[in-house]
1. Scanning the stretch 270-304 for residues that are assigned to a helix (DSSP H, G or I) and within 14 Å of Arg92 (Cβ to Cβ), which turns out farthest from the ligand (Cβ to nearest atom)?
2. For His287, all conditions in the list (1) at pLDDT below 95; (2) surrounded by fewer than 16 Cβ atoms within 10 Å (Cβ to Cβ) hold save one; what is the number of the exception?
3. Residue by residue through the stretch 104-124, note down the ones that are within 16 Å of the ligand (Cβ to nearest atom), outside any loop (DSSP other than H, G, I, E, B) and closer than 15 Å to Phe168 by Cβ.
4. Cβ contacts < 8 Å: first residue within 14 Å of Phe168 (Cα to Cα) and among the polar types (S, T, N, Q), restricted to the stretch 191-208; second residue modelled with pLDDT of 95 or more and surrounded by fewer than 24 Cβ atoms within 10 Å (Cβ to Cβ), any location; separation 6+ or different chain. Result?
5. Do the conditions hold for Ser235, that is, is it within 16 Å of the ligand (Cβ to nearest atom), part of a loop (DSSP other than H, G, I, E, B) and of a type in the set (Ser, Thr, Tyr)?
6. Please find, within the stretch 100-131, the residue that is surrounded by the fewest Cβ atoms within 10 Å (Cβ to Cβ) out of those that are among the small types (Gly, Ala, Ser), closer than 26 Å to Val223 by Cα and at pLDDT 95 or above.
7. Evaluate the stretch 234-249: report whether one residue or more is buried (at least 24 other Cβ atoms within 10 Å of the Cβ), at pLDDT below 95 and not β-branched (Val, Ile, Thr).
Amino acid sequence: MARTMFQDLYPEAIGVIGGSGLSRMGIGDFVEVHPPHMLEGPFGQPSGPITMREIGGKLFGFLPRHGEGHRIPAHKVPARANAWALRDLGIRTAIGCCAVGSLRKGVPPGTLVIPSGLVNDTQGNRPAYTFFDEVTVHISRAELLCEYLGAAITKACSANNQREGSIFRGGSCVVIPGPGFGTPDESHIRRLHNPNLIVGMTQDPEATLCAEAGIRYAVLCLVTDYDVWRKEDTSVDVSEVTNALIRWDWEGLIGKMLERFAPAWEEPSAKECLCTQRVHGAIQMDHHVIRESPDLMELYGALLGPHLQGRPI
Ligand SMILES: [Zn+2]
């Protein structure tokens, strides 16, 4: 029987969704203050247990996106169960960490990118894109990557004495279908649209599902390669990506960023960020129908319950 309310055990905690090169959070001497949580909800089992750690006086919930041993490929990541599990713990802020390819000469491997936009080009190759298959809910996907959180991540990266030009804030990340890398022609087409800066495989629907779950979300990406648009880069492979993650010490960069981020982070006011309130006013279906259906309430009670005001549609 699914819970119709979230547990909200750690309402102040910040989620960290670790991708390639970040399958565990073994950074520094962080103390594990709570046992790992494996939270199976109405939308299935998350990629792995969520481990709570304390860094700089704040709690972080770490979720390995690809599971233990990187056993879940990008196109099979249970992003819906992952967002639900984070929200079930009470987490309302999450940082997605991703390895990406660059579409621009000026953004070389080793650059940290905090994009401001996403283009979902996954072409249906994901297990799910929404929680709302059985109810009619249209959330806003404007500012899908939270500006407030993105700025805080950027500031934390900048404070790390990164070498000049190694942090880029802005641009769009194109999310490709995977699991294969793109073709050179696809890479050229993606370069035609000016805001497109990087390509990845996991940023969306992770961002959309976090948005639907009332979680503010932004991504921090490490450029590992130039994708395949340059004449001199006729292919990109796993060893190139893996070597880059080691060479640029991705795990260490994330650790340093979180150590700076934690003491500086303050929950935004409603004026600064409305990301956690997207469901409010987005429910088009008659609220009474949802509220009076045990099946719908079992699935959606936790996500929609507080927003079901009973007003006529
Ligand atoms: Zn926001």
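The values are calculated or read from the model by the stated rules, or taken from the named source; none is laboratory data. It should be emphasised that the depicted structure is a prediction, and the values quoted were computed from it without experimental measurement. Positions of Cβ are generated from backbone atoms using ideal geometry, with glycine treated the same way; all protein chains shown enter the neighbour counts.
1. Top of the filtered list is Ala302.
2. Checking His287 against (1) at pLDDT below 95; (2) surrounded by fewer than 16 Cβ atoms within 10 Å (Cβ to Cβ), the one that fails is (2).
3. Correct list: Ile114, Gly117.
4. Sorted first by the residue in the stretch 191-208, then by its partner, the pairs are Asn196/Val119; Asn196/Gly171; Asn196/Ser172; Asn196/Arg190.
5. No.
6. Gly124
7. No, because not a single residue in the stretch 234-249 is buried (at least 24 other Cβ atoms within 10 Å of the Cβ), at pLDDT below 95 and not β-branched (Val, Ile, Thr).
Table: residues versus (1) basic (Lys, Arg); (2) more than 23 Å from Glu12 (Cα to Cα).
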| residue | (1), (2) |
| --- | --- |
| Gly44 | no, yes |
| Ile55 | no, no |
| Phe62 | no, no |
| Lys76 | yes, yes |
| Thr122 | no, yes |
